[in-house]
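See below for the structure under consideration.
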Amino acid sequence: PPLPSRQTRRARMTDAPAPAGDVIDAHTHDVVLFYAYTPIKDTERVAATLRHFCSTFGVLGRVLVATEGVNGTVCAVNDDENNLDAFKRTLAACVPATATMPYKHSKAARQVFYDVRVEVVKELVGWGQMDLKYEKRDKVIHLKPREFHEALKQRFGRGEKVKLVDLRNEHESLVGKFVNAECPDARNMQELGRFLDDTASESKEREVFMYCTGGIRCEKAALYLERKQPDIKAVYQLEGGIHEYLEEFGTDDECLYLGGNFTFDMRGVSARGKDNTSEVWRCQRCKDGEPVLTPCGVCVVCRFPLVLCKACMNAPECRGEWTCSHHAHLDGIYSYYAIPNLADDDLTRRIAAMRTIEGELFAHDRVKTANKRRTLRKCYSRMEDELARRRAGGDADVCVKSYCRNNGRELSQCARACMGFWGPGHVKDAQAPATPACSI
(Lines give C-alpha, C1' and ligand atoms only; values in the text may rest on other atoms or scores of the structure.)
Protein backbone atom coordinates (compact mmCIF):
# COMPACT_ATOMS: atom_id res chain seq x y z
CA PRO A 1 0.00 0.00 0.00
CA PRO A 2 1.16 3.57 -0.57
CA LEU A 3 2.74 5.42 2.34
CA PRO A 4 0.69 8.15 4.06
CA SER A 5 0.68 11.61 2.56
CA ARG A 6 2.87 14.31 4.08
CA GLN A 7 -0.22 16.19 5.29
CA THR A 8 -1.58 13.09 7.02
CA ARG A 9 1.78 12.37 8.61
CA ARG A 10 2.03 15.90 10.00
CA ALA A 11 -1.45 15.70 11.48
CA ARG A 12 -0.71 12.38 13.17
CA MET A 13 2.50 13.61 14.74
CA THR A 14 0.74 16.57 16.35
CA ASP A 15 -2.36 14.68 17.53
CA ALA A 16 -2.06 13.97 21.24
CA PRO A 17 -3.39 10.60 22.41
CA ALA A 18 -6.74 10.72 24.15
CA PRO A 19 -6.61 10.84 27.97
CA ALA A 20 -7.16 7.51 29.68
CA GLY A 21 -10.81 6.85 30.32
CA ASP A 22 -12.19 8.81 27.35
CA VAL A 23 -14.86 6.97 25.38
CA ILE A 24 -13.94 6.72 21.72
CA ASP A 25 -15.39 4.67 18.89
CA ALA A 26 -14.00 1.15 19.22
CA HIS A 27 -11.20 -0.29 17.10
CA THR A 28 -9.73 2.95 15.75
CA HIS A 29 -6.16 1.70 16.25
CA ASP A 30 -4.19 -1.48 15.63
CA VAL A 31 -1.58 -2.78 18.07
CA VAL A 32 1.08 -5.37 17.29
CA LEU A 33 3.36 -7.22 19.70
CA PHE A 34 6.44 -9.00 18.32
CA TYR A 35 9.83 -10.48 19.06
CA ALA A 36 12.46 -12.50 17.25
CA TYR A 37 15.77 -13.92 18.40
CA THR A 38 18.07 -13.44 15.41
CA PRO A 39 21.61 -12.01 15.11
CA ILE A 40 21.77 -8.28 14.38
CA LYS A 41 25.19 -6.78 13.64
CA ASP A 42 24.49 -3.08 13.22
CA THR A 43 21.99 -2.44 16.00
CA GLU A 44 22.42 1.34 15.86
CA ARG A 45 21.52 1.44 12.16
CA VAL A 46 18.43 -0.71 12.70
CA ALA A 47 17.31 1.42 15.64
CA ALA A 48 17.87 4.67 13.73
CA THR A 49 15.89 3.38 10.74
CA LEU A 50 12.94 2.29 12.89
CA ARG A 51 13.07 5.50 14.92
CA HIS A 52 12.92 7.61 11.76
CA PHE A 53 10.07 5.57 10.29
CA CYS A 54 7.97 5.70 13.47
CA SER A 55 8.44 9.41 14.05
CA THR A 56 7.68 10.16 10.40
CA PHE A 57 4.58 8.01 10.00
CA GLY A 58 2.93 8.37 13.41
CA VAL A 59 3.67 4.88 14.74
CA LEU A 60 4.09 5.00 18.53
CA GLY A 61 5.29 2.41 21.01
CA ARG A 62 8.36 0.70 22.41
CA VAL A 63 10.99 -1.22 20.42
CA LEU A 64 14.17 -2.83 21.75
CA VAL A 65 17.04 -3.76 19.45
CA ALA A 66 19.93 -5.98 20.58
CA THR A 67 22.61 -8.07 18.93
CA GLU A 68 20.44 -11.10 19.81
CA GLY A 69 17.25 -9.81 18.15
CA VAL A 70 14.33 -7.38 18.33
CA ASN A 71 11.28 -6.99 20.58
CA GLY A 72 8.50 -4.44 20.73
CA THR A 73 4.92 -3.26 20.76
CA VAL A 74 3.72 -0.53 18.40
CA CYS A 75 0.37 1.12 17.69
CA ALA A 76 -1.00 3.10 14.75
CA VAL A 77 -4.29 4.34 13.33
CA ASN A 78 -6.39 1.65 11.69
CA ASP A 79 -7.14 2.98 8.19
CA ASP A 80 -6.48 2.35 4.53
CA GLU A 81 -2.88 3.55 4.73
CA ASN A 82 -1.73 0.50 6.72
CA ASN A 83 1.14 2.11 8.59
CA LEU A 84 1.78 -1.08 10.54
CA ASP A 85 2.18 -3.07 7.33
CA ALA A 86 4.73 -0.51 6.21
CA PHE A 87 6.45 -0.82 9.61
CA LYS A 88 6.70 -4.59 9.15
CA ARG A 89 8.25 -4.15 5.70
CA THR A 90 10.73 -1.63 7.06
CA LEU A 91 11.72 -3.95 9.89
CA ALA A 92 12.09 -6.90 7.50
CA ALA A 93 14.31 -4.82 5.23
CA CYS A 94 16.60 -4.12 8.20
CA VAL A 95 16.38 -7.58 9.79
CA PRO A 96 15.43 -10.15 7.12
CA ALA A 97 14.64 -12.91 9.63
CA THR A 98 11.68 -10.89 10.91
CA ALA A 99 9.88 -11.33 7.56
CA THR A 100 8.52 -14.64 8.87
CA MET A 101 8.20 -13.52 12.48
CA PRO A 102 4.72 -14.00 13.97
CA TYR A 103 2.99 -10.75 14.98
CA LYS A 104 0.34 -10.70 17.70
CA HIS A 105 -2.47 -8.35 16.70
CA SER A 106 -5.06 -6.60 18.85
CA LYS A 107 -7.36 -3.59 18.63
CA ALA A 108 -7.58 -0.40 20.65
CA ALA A 109 -10.04 2.46 20.98
CA ARG A 110 -7.24 5.04 21.08
CA GLN A 111 -3.52 5.49 20.58
CA VAL A 112 -2.16 3.47 23.50
CA PHE A 113 1.28 5.08 23.74
CA TYR A 114 2.31 8.63 24.52
CA ASP A 115 5.40 8.56 22.31
CA VAL A 116 7.79 6.26 20.48
CA ARG A 117 11.03 4.94 21.94
CA VAL A 118 13.41 2.75 19.97
CA GLU A 119 16.40 1.76 22.08
CA VAL A 120 19.53 -0.32 21.68
CA VAL A 121 19.93 -2.69 24.63
CA LYS A 122 22.27 -5.45 25.71
CA GLU A 123 19.47 -8.00 26.18
CA LEU A 124 15.90 -8.13 24.91
CA VAL A 125 14.84 -9.29 28.37
CA GLY A 126 17.12 -8.09 31.14
CA TRP A 127 17.63 -11.28 33.10
CA GLY A 128 21.22 -10.20 33.73
CA GLN A 129 22.60 -13.11 35.70
CA MET A 130 21.61 -15.82 33.23
CA ASP A 131 24.37 -15.30 30.65
CA LEU A 132 22.53 -17.48 28.14
CA LYS A 133 22.39 -17.42 24.38
CA TYR A 134 19.08 -18.30 22.80
CA GLU A 135 19.15 -21.82 21.40
CA LYS A 136 16.93 -24.88 21.00
CA ARG A 137 17.12 -27.57 23.68
CA ASP A 138 15.53 -31.03 23.74
CA LYS A 139 13.84 -30.58 27.12
CA VAL A 140 12.48 -27.11 26.30
CA ILE A 141 9.26 -27.56 24.33
CA HIS A 142 7.05 -24.88 22.80
CA LEU A 143 3.34 -25.72 22.98
CA LYS A 144 0.76 -23.96 20.89
CA PRO A 145 -2.27 -22.65 22.84
CA ARG A 146 -4.42 -25.73 22.16
CA GLU A 147 -1.57 -28.11 23.04
CA PHE A 148 -0.86 -26.15 26.24
CA HIS A 149 -4.56 -26.15 27.12
CA GLU A 150 -5.01 -29.89 26.52
CA ALA A 151 -1.84 -30.80 28.42
CA LEU A 152 -2.96 -28.85 31.49
CA LYS A 153 -6.53 -30.11 31.21
CA GLN A 154 -5.37 -33.75 31.10
CA ARG A 155 -3.09 -33.34 34.10
CA PHE A 156 -5.73 -31.45 36.10
CA GLY A 157 -8.21 -34.19 35.17
CA ARG A 158 -5.87 -36.87 36.53
CA GLY A 159 -5.51 -34.94 39.77
CA GLU A 160 -1.81 -34.29 39.21
CA LYS A 161 -0.09 -31.47 41.04
CA VAL A 162 1.04 -29.41 38.06
CA LYS A 163 4.04 -27.10 38.32
CA LEU A 164 2.67 -24.08 36.42
CA VAL A 165 4.66 -20.85 36.81
CA ASP A 166 3.80 -17.28 35.83
CA LEU A 167 6.85 -15.43 34.49
CA ARG A 168 5.44 -11.93 35.02
CA ASN A 169 5.56 -9.32 37.76
CA GLU A 170 3.15 -9.24 40.68
CA HIS A 171 0.79 -6.56 39.37
CA GLU A 172 0.36 -8.44 36.09
CA SER A 173 -0.77 -11.65 37.79
CA LEU A 174 -3.13 -9.70 40.06
CA VAL A 175 -4.97 -8.66 36.89
CA GLY A 176 -5.16 -12.22 35.55
CA LYS A 177 -3.51 -15.66 35.69
CA PHE A 178 -3.93 -19.32 34.80
CA VAL A 179 -5.78 -21.64 37.16
CA ASN A 180 -3.43 -23.06 39.85
CA ALA A 181 -0.45 -20.98 38.64
CA GLU A 182 2.40 -20.06 40.99
CA CYS A 183 2.72 -16.27 40.80
CA PRO A 184 5.82 -14.53 42.19
CA ASP A 185 5.57 -11.28 44.17
CA ALA A 186 8.29 -9.92 41.88
CA ARG A 187 8.76 -6.29 40.84
CA ASN A 188 11.60 -6.73 38.35
CA MET A 189 13.63 -9.26 36.40
CA GLN A 190 16.12 -9.78 39.22
CA GLU A 191 13.35 -10.84 41.60
CA LEU A 192 11.86 -13.04 38.87
CA GLY A 193 15.30 -14.61 38.57
CA ARG A 194 15.27 -15.55 42.27
CA PHE A 195 11.80 -17.02 41.75
CA LEU A 196 13.23 -19.12 38.91
CA ASP A 197 16.01 -20.37 41.20
CA ASP A 198 13.40 -21.49 43.72
CA THR A 199 11.43 -23.15 40.93
CA ALA A 200 14.54 -25.02 39.77
CA SER A 201 15.17 -26.42 43.25
CA GLU A 202 11.60 -27.77 43.33
CA SER A 203 11.59 -29.24 39.82
CA LYS A 204 13.76 -32.35 40.02
CA GLU A 205 12.16 -35.13 37.94
CA ARG A 206 9.11 -32.94 37.30
CA GLU A 207 7.47 -31.25 34.34
CA VAL A 208 7.22 -27.46 34.46
CA PHE A 209 4.74 -25.37 32.48
CA MET A 210 5.41 -21.65 32.10
CA TYR A 211 3.80 -18.64 30.46
CA CYS A 212 4.05 -14.87 30.11
CA THR A 213 2.26 -12.14 28.13
CA GLY A 214 3.59 -12.80 24.64
CA GLY A 215 6.22 -15.50 25.10
CA ILE A 216 9.55 -13.66 25.17
CA ARG A 217 10.15 -13.78 28.92
CA CYS A 218 9.82 -17.56 28.81
CA GLU A 219 12.41 -18.08 26.07
CA LYS A 220 15.58 -17.72 28.14
CA ALA A 221 13.82 -18.54 31.42
CA ALA A 222 13.08 -22.04 30.11
CA LEU A 223 16.70 -22.50 29.04
CA TYR A 224 17.93 -21.27 32.41
CA LEU A 225 15.59 -23.60 34.29
CA GLU A 226 16.74 -26.58 32.24
CA ARG A 227 20.40 -25.73 32.89
CA LYS A 228 19.87 -24.99 36.58
CA GLN A 229 18.01 -28.28 37.14
CA PRO A 230 19.52 -30.97 34.87
CA ASP A 231 17.13 -33.60 36.26
CA ILE A 232 14.02 -31.74 35.16
CA LYS A 233 11.75 -33.85 32.93
CA ALA A 234 10.65 -31.10 30.57
CA VAL A 235 9.90 -27.37 30.39
CA TYR A 236 6.76 -26.53 28.42
CA GLN A 237 6.29 -22.90 27.43
CA LEU A 238 3.14 -21.36 26.00
CA GLU A 239 3.93 -20.29 22.45
CA GLY A 240 2.52 -16.84 21.78
CA GLY A 241 1.86 -16.34 25.48
CA ILE A 242 -1.41 -15.35 27.11
CA HIS A 243 -2.19 -13.17 24.11
CA GLU A 244 -2.58 -16.08 21.69
CA TYR A 245 -4.15 -18.37 24.28
CA LEU A 246 -6.99 -15.89 24.87
CA GLU A 247 -7.46 -15.44 21.13
CA GLU A 248 -8.35 -19.13 20.96
CA PHE A 249 -9.91 -19.81 24.38
CA GLY A 250 -10.94 -16.42 25.79
CA THR A 251 -14.67 -17.07 25.21
CA ASP A 252 -14.49 -20.84 25.67
CA ASP A 253 -16.30 -22.34 28.68
CA GLU A 254 -13.20 -24.47 29.32
CA CYS A 255 -10.82 -21.48 29.35
CA LEU A 256 -8.14 -22.00 32.02
CA TYR A 257 -7.15 -18.34 32.25
CA LEU A 258 -8.81 -16.17 34.89
CA GLY A 259 -9.20 -12.40 34.54
CA GLY A 260 -7.46 -10.11 32.08
CA ASN A 261 -4.20 -9.99 30.17
CA PHE A 262 -2.18 -7.03 31.49
CA THR A 263 -0.55 -4.87 28.84
CA PHE A 264 2.22 -2.30 29.15
CA ASP A 265 0.24 0.42 27.42
CA MET A 266 -2.72 2.71 28.12
CA ARG A 267 -5.26 -0.08 27.73
CA GLY A 268 -4.08 -1.84 30.86
CA VAL A 269 -5.94 -4.97 29.77
CA SER A 270 -6.13 -6.23 26.19
CA ALA A 271 -8.29 -9.37 26.52
CA ARG A 272 -10.05 -11.41 29.17
CA GLY A 273 -10.58 -15.01 30.08
CA LYS A 274 -12.98 -16.32 32.71
CA ASP A 275 -14.36 -13.94 35.31
CA ASN A 276 -13.19 -14.87 38.79
CA THR A 277 -13.59 -12.19 41.41
CA SER A 278 -12.17 -14.34 44.21
CA GLU A 279 -8.68 -14.82 42.76
CA VAL A 280 -7.95 -12.01 40.30
CA TRP A 281 -9.01 -8.55 39.22
CA ARG A 282 -9.56 -7.34 42.78
CA CYS A 283 -8.03 -4.30 44.47
CA GLN A 284 -4.85 -5.46 46.19
CA ARG A 285 -5.48 -3.10 49.08
CA CYS A 286 -9.09 -3.71 50.12
CA LYS A 287 -9.40 -7.09 48.31
CA ASP A 288 -12.90 -6.13 47.21
CA GLY A 289 -13.23 -3.29 44.71
CA GLU A 290 -12.75 -3.59 40.96
CA PRO A 291 -9.39 -2.09 39.94
CA VAL A 292 -8.88 1.08 37.94
CA LEU A 293 -5.45 0.98 36.31
CA THR A 294 -3.84 4.44 36.26
CA PRO A 295 -0.22 5.67 36.26
CA CYS A 296 -0.80 7.42 39.60
CA GLY A 297 -1.46 4.15 41.39
CA VAL A 298 2.08 3.35 42.50
CA CYS A 299 3.89 2.43 45.71
CA VAL A 300 4.92 5.53 47.65
CA VAL A 301 8.29 3.93 48.45
CA CYS A 302 9.45 2.34 45.19
CA ARG A 303 6.85 3.57 42.62
CA PHE A 304 6.00 0.00 41.60
CA PRO A 305 2.60 -0.12 39.82
CA LEU A 306 -0.34 -1.14 41.99
CA VAL A 307 -3.76 -2.64 41.25
CA LEU A 308 -6.18 -0.38 43.17
CA CYS A 309 -9.89 0.33 43.10
CA LYS A 310 -11.37 3.81 42.83
CA ALA A 311 -12.39 3.89 46.51
CA CYS A 312 -8.85 3.17 47.71
CA MET A 313 -7.38 5.59 45.18
CA ASN A 314 -9.63 8.36 46.51
CA ALA A 315 -9.45 7.50 50.23
CA PRO A 316 -8.37 10.77 51.92
CA GLU A 317 -6.58 8.98 54.76
CA CYS A 318 -4.18 7.42 52.24
CA ARG A 319 -3.11 10.84 50.88
CA GLY A 320 -2.24 9.15 47.58
CA GLU A 321 0.43 7.15 49.40
CA TRP A 322 -0.08 3.39 49.10
CA THR A 323 2.43 0.55 49.37
CA CYS A 324 3.24 -2.59 47.39
CA SER A 325 3.47 -6.02 49.02
CA HIS A 326 7.22 -5.57 49.58
CA HIS A 327 6.62 -2.36 51.54
CA ALA A 328 3.36 -3.18 53.32
CA HIS A 329 5.20 -2.80 56.65
CA LEU A 330 5.72 0.90 55.79
CA ASP A 331 2.05 1.61 55.06
CA GLY A 332 0.97 4.71 56.99
CA ILE A 333 4.59 5.30 58.02
CA TYR A 334 6.62 6.26 54.94
CA SER A 335 5.67 9.50 53.20
CA TYR A 336 6.93 11.62 50.34
CA TYR A 337 5.01 14.67 49.18
CA ALA A 338 2.55 14.73 52.10
CA ILE A 339 5.13 15.41 54.83
CA PRO A 340 4.40 19.19 55.07
CA ASN A 341 0.71 18.39 55.67
CA LEU A 342 1.17 15.88 58.52
CA ALA A 343 0.44 16.86 62.13
CA ASP A 344 3.29 17.02 64.65
CA ASP A 345 2.21 13.91 66.54
CA ASP A 346 1.81 11.97 63.28
CA LEU A 347 5.30 12.97 62.15
CA THR A 348 6.70 11.96 65.54
CA ARG A 349 4.98 8.57 65.34
CA ARG A 350 6.27 7.90 61.84
CA ILE A 351 9.83 8.91 62.73
CA ALA A 352 9.85 6.55 65.72
CA ALA A 353 8.48 3.68 63.63
CA MET A 354 11.10 4.13 60.90
CA ARG A 355 13.92 4.37 63.43
CA THR A 356 12.75 1.10 64.97
CA ILE A 357 12.68 -0.62 61.55
CA GLU A 358 16.11 0.82 60.77
CA GLY A 359 17.51 -0.68 63.97
CA GLU A 360 15.99 -4.08 63.21
CA LEU A 361 17.49 -4.07 59.72
CA PHE A 362 20.92 -3.15 61.10
CA ALA A 363 20.76 -5.98 63.62
CA HIS A 364 19.72 -8.44 60.92
CA ASP A 365 22.47 -7.64 58.38
CA ARG A 366 24.24 -4.30 58.40
CA VAL A 367 25.80 -4.83 54.95
CA LYS A 368 22.90 -6.20 52.91
CA THR A 369 20.39 -3.76 54.41
CA ALA A 370 22.48 -0.62 53.91
CA ASN A 371 20.39 0.74 51.02
CA LYS A 372 17.12 0.03 52.80
CA ARG A 373 18.30 1.85 55.91
CA ARG A 374 19.51 4.78 53.81
CA THR A 375 16.06 5.14 52.23
CA LEU A 376 14.41 5.17 55.66
CA ARG A 377 16.87 7.74 57.00
CA LYS A 378 16.24 10.09 54.10
CA CYS A 379 12.53 9.93 54.75
CA TYR A 380 12.52 10.41 58.51
CA SER A 381 15.27 13.08 58.24
CA ARG A 382 12.90 15.16 56.10
CA MET A 383 10.21 14.67 58.73
CA GLU A 384 12.61 15.77 61.47
CA ASP A 385 13.56 18.84 59.41
CA GLU A 386 9.87 19.69 59.05
CA LEU A 387 9.32 19.45 62.81
CA ALA A 388 12.42 21.59 63.46
CA ARG A 389 11.18 24.21 61.01
CA ARG A 390 7.84 24.44 62.79
CA ARG A 391 9.45 24.65 66.24
CA ALA A 392 11.56 27.52 64.95
CA GLY A 393 8.38 29.44 64.19
CA GLY A 394 7.58 28.25 60.68
CA ASP A 395 3.96 27.89 59.63
CA ALA A 396 2.41 24.44 59.60
CA ASP A 397 0.15 23.54 56.68
CA VAL A 398 -1.60 20.63 58.39
CA CYS A 399 -4.41 19.39 56.15
CA VAL A 400 -5.58 16.36 54.21
CA LYS A 401 -4.26 16.39 50.65
CA SER A 402 -3.54 13.56 48.25
CA TYR A 403 -0.58 13.75 45.89
CA CYS A 404 0.55 11.95 42.75
CA ARG A 405 3.78 10.18 43.69
CA ASN A 406 5.13 10.59 40.16
CA ASN A 407 5.10 14.39 39.93
CA GLY A 408 3.97 15.92 43.23
CA ARG A 409 0.79 17.49 41.92
CA GLU A 410 -2.40 17.09 43.88
CA LEU A 411 -3.96 13.82 42.81
CA SER A 412 -7.16 15.52 41.64
CA GLN A 413 -5.12 17.78 39.34
CA CYS A 414 -2.86 15.13 37.79
CA ALA A 415 -3.63 14.62 34.11
CA ARG A 416 -2.83 10.88 34.41
CA ALA A 417 0.09 11.35 32.03
CA CYS A 418 2.75 11.08 34.69
CA MET A 419 4.65 7.89 33.95
CA GLY A 420 6.00 5.73 31.14
CA PHE A 421 3.71 5.07 28.18
CA TRP A 422 1.01 7.29 29.77
CA GLY A 423 2.91 10.53 29.31
CA PRO A 424 6.19 12.41 29.66
CA GLY A 425 7.05 10.51 32.83
CA HIS A 426 8.35 11.68 36.18
CA VAL A 427 8.33 15.49 36.06
CA LYS A 428 9.41 17.21 39.24
CA ASP A 429 7.44 20.24 40.34
CA ALA A 430 8.96 23.01 42.46
CA GLN A 431 7.46 21.46 45.60
CA ALA A 432 9.10 18.06 45.02
CA PRO A 433 11.61 17.04 47.72
CA ALA A 434 15.18 16.57 46.57
CA THR A 435 15.15 12.86 47.39
CA PRO A 436 16.58 10.23 45.02
CA ALA A 437 14.65 7.14 43.98
CA CYS A 438 13.99 4.50 46.61
CA SER A 439 16.73 1.99 47.34
CA ILE A 440 14.54 -0.50 49.18
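Here's the picture: charge each Lys and Arg Cβ at +1 and each Asp and Glu Cβ at -1 in the chain, and of Asn276, Gly193, Phe362 the one pushed furthest to the positive end of that dipole is Phe362. Pairs with C-alpha atoms separated by more than 29 Å, drawn from the list Lys177/Lys368; Lys177/Lys228; Lys177/Lys220; Lys107/Lys228; Lys233/Lys287, are Lys177/Lys368; Lys107/Lys228; Lys233/Lys287. Counted over the chain, the DSSP beta bridges are approximately 60% antiparallel.
For Arg137 and Ala343, a Förster radius of 41 Å and the Cβ-Cβ distance give a FRET efficiency of 0.10, rounded to the nearest 0.05. When the Cα positions of His27, Phe264, Val121 are compared along the charge dipole of the chain, Val121 comes out farthest toward the positive end, with charges on each C-beta of Lys, Arg, Asp and Glu. For Met419, the residues whose amide H sits under 5 Å from its own are Gly425, ignoring neighbours fewer than 5 places away on the same chain, with H placed 1.01 Å from N. One chain, two ends: Ala234 and Arg146. Fully extended at 0.36 nm per residue, the span grows by 29.9 nm beyond their Cα-Cα distance.
Evaluated with a Cβ-only charge set (Lys, Arg +1; Asp, Glu -1), segment 276-395 carries a dipole of roughly 460 debye about its Cα centre, given to the nearest 20.
Ordering of 296-304, 279-287 by packing is 296-304, 279-287, highest average first (other Cβ atoms within 10 Å, averaged per residue). Excluding ligands, DNA and RNA, the accessible surface per residue across the chain is 47 Å² with a 1.4 Å probe.
For segment 246-335, the Cβ-based charge dipole about the Cα centre amounts to some 500 debye (Lys, Arg positive; Asp, Glu negative; other atoms uncharged). Placing unit charges on the Cβ atoms only, positive for Lys and Arg and negative for Asp and Glu, gives the chain a dipole magnitude near 1020 debye about its Cα centre.
Taking every full run of DSSP H in the chain, the ones that stretch at least 20 Å from end to end by Cα along their long axis and average 0.0 or higher on the Kyte-Doolittle scale are 43-57.
Averaging 1/r across all pairs of distinct Cα atoms in the chain and inverting the result yields a Kirkwood radius of 23.9 Å.
Among 83-92, 173-182, the peptide with the highest mean count of other Cβ atoms within 10 Å heads the list, and the full ranking is 173-182, 83-92.
The values are calculated or read from the model by the stated rules, or taken from the named source; none is laboratory data. Since the structure is predicted, the reported quantities are computational estimates derived from the model, not experimental observations. Here the Cβ is made from the backbone with ideal geometry for all residues, glycine too, and neighbour counts use every protein chain on show. Calculation scope for accessible area: heavy atoms of the full protein, side chains included, ligands and nucleic acids excluded. Shrake-Rupley method; radii C 1.70, N 1.55, O 1.52, S 1.80 Å.
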